[in-house]
Amino acid sequence: MEIKVTRDELYRALSRVQSIVEKRTNMPILSMVLLSTSKSEVYITATDLEISLQQKIPANIISTGSVTISGRKLFEILKESKKAEIHIKEKENNRVFITDQQARYNLGFMPPDEYPVFVEPENVTTAEVPSKVLREMIAKTIYAVTLEEAGFKLSGTFLEKIVQGGKALLRMVATDGHRLSLIDKEMETMEKVKFDGGVMIPKKGMSELAKLASEDDLIHLGFKGNNCVAKTKNSIIVIRLLESKFPDYNAVIPKKAKSVVKVDRDLLLDGMKKMLILATESYRGVKIILDKGSMELISINPDLGEAQETLAVEYKGQPLEAGFNARYFIDVLQNMESEKVEVGFIDNSSPCTIYGEKDQGFLGLIMPMRL
Amino acid sequence: MERVVLHIDMDAFYASVEQRGRPELRGLPVIVGGTSRRGVVSTASYEARKFGIHSAMPIFEAKRRCPQGVFLPVRMERYKEVSSLIMEILNSFSPLVEQVSIDEAYLDVSGVARLYGSPKSIATKIKEEIKKATSLTCSIGIAPNKLLAKIASDTQKPDGLTIIPPDKLHSIVREIDIEKVPGVGRKTCQRLASLGVRKLGDIRKLGEKELLKEIGTFGLKLLDFSKGIDSSPVLPYTEAKSLSSEETLEKDTNNFEVLKRELLSQAEIVGRKLRSNGLKGSTVTLKLKRSDFSLSVKSLGLPRPTNSTELLYRSGVRLLKESDLSEKFRLIGLGVSRLSSIEEGEKQLVLHSFPWVNLYIVVNFTPVL
């Protein structure tokens, strides 16, 4: 194989796969990217066996073939190069020659036929999804996904198609058991896509989808077997779905809040950030005290001291006190867009709900803390 | 056998601990409490009480009443330390000690007369020993049951000793103000007042049925109280105070590496005990027994309670490094104390019926050595 490509385009492609190429060495081939050619394009493939990404960029193909190159090293080579064009040539004895007409690199590589085959599931029905909407949906849910702590990779974002008032909606739900974020967006094109009962996509897959969504205006999204497939003009991503069952989240969403506060989103967000200053591993609670027209935030940390702020809010209900993790409020609020948000409470042991007029279809749910 | 119950109540505990540590504060109005504008008074020294300051009063109100007062933040760790000293003293007089709060306990001394003398002399000894160990004073009430012991300790403060002898019981019980009875809050008090009850003795004018209707089952308890009856036992708190593991070495050694290895397995045993009991500890103790059977015991305090094997091990190694290893040892042991429950403090509530929440329970594992 011998090709000449634009440095900038190859660099962009390589920087995209850095989050996928394996840094650990239990399977060395996964630290490589696969470069293979068609008539006028070069395909750059990376995989960690859970997520596979293939990008294509135009190239001057001098001779066809394929090579593997360390994803990390090729990225660094391109990063340091100031030249416009990169020349890559396969040599004998599994070596590859890379030059930008200034520096010359001779790298050993692993046989391309050992690289995990990129299988694009055939006959996938996909729906055209506006990238902007997809990005918004992911941003408003991904923070609530359980961290993959101690090797538990059981959780991810739940995607489901629902029909409401005769219209097809795409729903995303994420939860870690302490809070839950949900968003519905109308998506007519979803109608023909089949994924009955919903699917669960791992957190890393969701963040890769979000990156893909910033490359193009439209994404083709579909599901086949155990995979989620998403395509743009130049990229395809295949994400292995999680097999664990998503819990019955509908049961935990309160039907109606008892006390509803209307508050400036920035005001509450800033207030929570201030309360977080005094949070430590053992004390992360903020007490919210509601009274007519005011919402008081108090953070008490026996190791450090106390913090307090009173916000002017629209509230006419009964006085109420409840404790919460400030971090959870910040996560929800900073991903919303509405100027004012409606925070609904039931009591100090039931979930609180957060809605915003401009955050159409979104619901944030946070369980209280006992302080 | 006559029951004899003592109620020991430390005088202005937090404030006294502060004054004891800083002699320059003695005789001054000391107020311990939340230091922010919203804080409330936790304890006011007797000097401060002269200004009408009492616990639960907002700090700003206390500052208004006594601008020259010395306002101090709560140092819970310190008070806990002193408290455990006091409880230790109480435990030396009777196994039946029920600690009700950081500065308050019941002591059942029925049947220890042969060992320690009359209830009055026991109480005097307790006061002396507490004073000797902590230079703090307390007030003690002596009575045939918990209810009256508490009321007795409250009648004379500070540094009081009040006895309710069985023969004076009824005349005293009758005259107790109803709001002083433990368990009677503002609401119950108002309700009882509307029924014409001001003193505990007045309760007897009401029938069982009426009491049950008006205040529920607590009413029946009050009726018992009004007759001077309170059969609730003094329940000692029996949870473990420390956990440890020790091992006699195969042969006496002072080899650092060998001792370190031994510590790791003991840290794991202690860590596992903590985790399976839902506990964390914040003092780590290293025990070394030399070949001549003499002991070296060193402790260190952790900034935060832990049940992590790794942290216990690292603390143990630190103590080992500080130890004199010139002689050989025959036994090494690691212990933790100042235990607290994991559940203490804040608790994040979870959404119902979410299965994977349970995965966050600490998993016990044994490292491969």
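The values are calculated or read from the model by the stated rules, or taken from the named source; none is laboratory data. All values reported here derive from a predicted model rather than from experimental measurement. Backbone-built Cβ (ideal geometry, glycine too); neighbour counts: all protein chains shown. Please note that ligands, DNA and RNA were not included when accessible areas were found on the heavy atoms of the full protein model with its side chains. Shrake-Rupley method; radii C 1.70, N 1.55, O 1.52, S 1.80 Å.
Scan (1) surrounded by 20 or more Cβ atoms within 10 Å (Cβ to Cβ); (2) assigned by TED's automatic domain parsing to the domain that holds A:E160; (3) out of contact with any strand residue (DSSP E or B) (no Cβ under 6 Å at 6 or more places or on another chain) for the single condition A:K245 breaks and write down its number.
The number of the failed condition is (1).
Evaluate the following for A:K262: is it in contact (Cβ under 8 Å) with a residue 60 or more places away in the chain, outside the structural domain of A:S131 (by TED's automatic domain parsing) and open to solvent by 80 Å² or more (accessible area, probe 1.4 Å)?
Answer is no for this residue.
Taking only pairs six or more apart or across chains, which ones have beta-carbon atoms under 6 Å, a first residue in segment B:109-128 that is hydroxyl-bearing (S, T, Y), and a second residue that is part of a helix (DSSP H, G or I)?
Taking only residues 6 or more apart or on different chains, the pairs are B:Y116/B:I122.
Mind checking whether some residue in segment B:94-106 is assigned by TED's automatic domain parsing to the domain that holds B:P165, within 26 Å of B:K125 (Cβ to Cβ), of a type in the set (S, T, N, Q) and open to solvent by 10 Å² or more (accessible area, probe 1.4 Å)?
yes
Does A:M172 qualify as being more than 14 Å from every other protein chain (Cβ to nearest Cβ), open to solvent by less than 40 Å² (accessible area, probe 1.4 Å), at pLDDT 95 or above and assigned to a strand (DSSP E or B)?
Here the answer is yes, as A:M172 does meet what is asked.
Would you call A:S259 away from every other protein chain (no Cβ under 14 Å), hydroxyl-bearing (S, T, Y) and more than 30 Å from A:I44 (Cβ to Cβ)?
So A:S259 passes the test.
Where in segment A:59-151 are there strands (runs of 3 or more DSSP E), lying wholly inside it, with at least 2 residues that are of a type in the set (A, V, I, L, M, F, W, C) and open to solvent by 30 Å² or more (accessible area, probe 1.4 Å)?
Numbers: elements: A:60-63, A:66-70, A:85-91, A:95-99, A:104-108, A:126-130.
Correct list: A:60-63.
Residues being under 20 Å from A:E306 (Cα atoms) and touching a residue at least 40 places away in the same chain (Cβ under 8 Å): count how many of those fall in segment B:76-108. Steps first, answer last, please.
The initial filter retains those residues of segment B:76-108 that are under 20 Å from A:E306 (Cα atoms), namely B:76-79.
If we keep only those that are touching a residue at least 40 places away in the same chain (Cβ under 8 Å) too, we end up with B:78-79.
Summing the residues that are under 20 Å from A:E306 (Cα atoms) and touching a residue at least 40 places away in the same chain (Cβ under 8 Å) in segment B:76-108 gives 2.
Rundown of residues vs (1) over 22 Å from the mean Cα position of the chain (by Cα); (2) farther than 18 Å from A:E76 by Cβ; (3) assigned to a strand (DSSP E or B), yes/no style:
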| site | (1), (2), (3) |
| --- | --- |
| A:S15 | no, no, no |
| A:I20 | no, no, no |
| A:I29 | yes, yes, no |
| A:L35 | yes, no, yes |
| A:V42 | yes, yes, yes |
| A:L49 | no, yes, no |
| A:I57 | yes, yes, yes |
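Quick check: is even one residue across segment A:345-354 more than 10 Å from every other protein chain (Cβ to nearest Cβ) and part of a loop (DSSP other than H, G, I, E, B)?
Looking through segment A:345-354, at least one residue is more than 10 Å from every other protein chain (Cβ to nearest Cβ) and part of a loop (DSSP other than H, G, I, E, B).
How many residues, within segment B:233-254, are surrounded by 14 or more Cβ atoms within 10 Å (Cβ to Cβ) and of a type in the set (S, T, N, Q)?
Matching residues across segment B:233-254 total 4.
Hey, can you tell me all the residues within segment A:292-307 that are part of a strand (DSSP E or B) and surrounded by fewer than 19 Cβ atoms within 10 Å (Cβ to Cβ)?
Hits for segment A:292-307 are A:S294, A:E296, A:N301, A:G305, A:E306.
If you go through segment A:155-167 one residue at a time, do you hit one that is part of a strand (DSSP E or B), closer than 19 Å to A:N250 by Cα, of a type outside the set (S, T, N, Q) and more than 21 Å from the chain's Cα centre (by Cα)? Full working, then the answer.
Here is the first cut: in segment A:155-167, the residues part of a strand (DSSP E or B) are A:156-164, A:167.
Pick out the ones that are also closer than 19 Å to A:N250 by Cα and you get A:156-164.
Pick out the ones that are also of a type outside the set (S, T, N, Q) and you get A:156, A:158-163.
Add one more test, that the residue is more than 21 Å from the chain's Cα centre (by Cα), and what stays is A:162-163.
Yes, segment A:155-167 contains a residue that is part of a strand (DSSP E or B), closer than 19 Å to A:N250 by Cα, of a type outside the set (S, T, N, Q) and more than 21 Å from the chain's Cα centre (by Cα).
For segment B:135-226, list the helices (runs of 4 or more DSSP H) that sit wholly inside it and hold at least 2 residues that are open to solvent by less than 20 Å² (accessible area, probe 1.4 Å) and modelled with pLDDT of 90 or more; which are they?
In segment B:135-226, B:146-155 are the helices (runs of 4 or more DSSP H) which contain 2 or more residues that are open to solvent by less than 20 Å² (accessible area, probe 1.4 Å) and modelled with pLDDT of 90 or more.
If you take the residues of segment A:175-190 that are over 15 Å from the mean Cα position of the chain (by Cα) and more than 14 Å from chain B (Cβ to nearest Cβ), which of them is surrounded by the fewest Cβ atoms within 10 Å (Cβ to Cβ)?
Filtering first and then ranking leaves A:E188.
Which one of these does B:I126 not meet: (1) modelled with pLDDT under 90; (2) of a type outside the set (K, R); (3) part of a helix (DSSP H, G or I); (4) open to solvent by less than 40 Å² (accessible area, probe 1.4 Å)?
Among (1) modelled with pLDDT under 90; (2) of a type outside the set (K, R); (3) part of a helix (DSSP H, G or I); (4) open to solvent by less than 40 Å² (accessible area, probe 1.4 Å), B:I126 violates only (1).
Just to confirm my filter: which strands (runs of 3 or more DSSP E) fall fully inside segment B:1-87 and include at least 1 residues that are surrounded by 22 or more Cβ atoms within 10 Å (Cβ to Cβ)?
The qualifying strands (runs of 3 or more DSSP E) are B:5-10, B:30-33, B:41-44.
State the number of residues belonging to segment A:279-291 that are without any contact (Cβ under 8 Å) to a residue 60 or more places away in the chain, within 29 Å of the chain's Cα centre (by Cα) and either open to solvent by less than 70 Å² (accessible area, probe 1.4 Å) or more than 10 Å from every other protein chain (Cβ to nearest Cβ) (or both).
The total comes to 5.
In segment B:274-281, is there at least one residue being modelled with pLDDT of 85 or more, in the same structural domain as B:S341 (by TED's automatic domain parsing) and open to solvent by less than 60 Å² (accessible area, probe 1.4 Å)?
There is at least one residue in segment B:274-281 that is modelled with pLDDT of 85 or more, in the same structural domain as B:S341 (by TED's automatic domain parsing) and open to solvent by less than 60 Å² (accessible area, probe 1.4 Å).
Quick grid of which residues meet (1) more than 34 Å from the chain's Cα centre (by Cα); (2) at pLDDT below 95:
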position: A:M295; (1), (2): no, no
position: A:I298; (1), (2): no, yes
position: A:N301; (1), (2): no, yes
position: A:L304; (1), (2): yes, yes
position: A:K316; (1), (2): yes, yes
position: A:P319; (1), (2): yes, yes
position: A:I330; (1), (2): no, no
position: A:S338; (1), (2): no, no
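I'd like the residue in segment A:200-241 that is more than 16 Å from A:S52 (Cβ to Cβ) and either in contact with a Gly (Cβ under 9 Å, 6 or more places away or on another chain) or among the basic types (K, R) (or both) and, out of all such residues, is farthest from the other protein chains (Cβ to nearest Cβ).
This residue is A:K233.
Since A:R327 meets every condition but one in (1) touching a Lys or Arg at 6+ places or on another chain (Cβ under 7 Å); (2) within 11 Å of chain B (Cβ to nearest Cβ); (3) part of a loop (DSSP other than H, G, I, E, B); (4) in contact (Cβ under 8 Å) with a residue 40 or more places away in the chain, which condition does it not meet?
(3)
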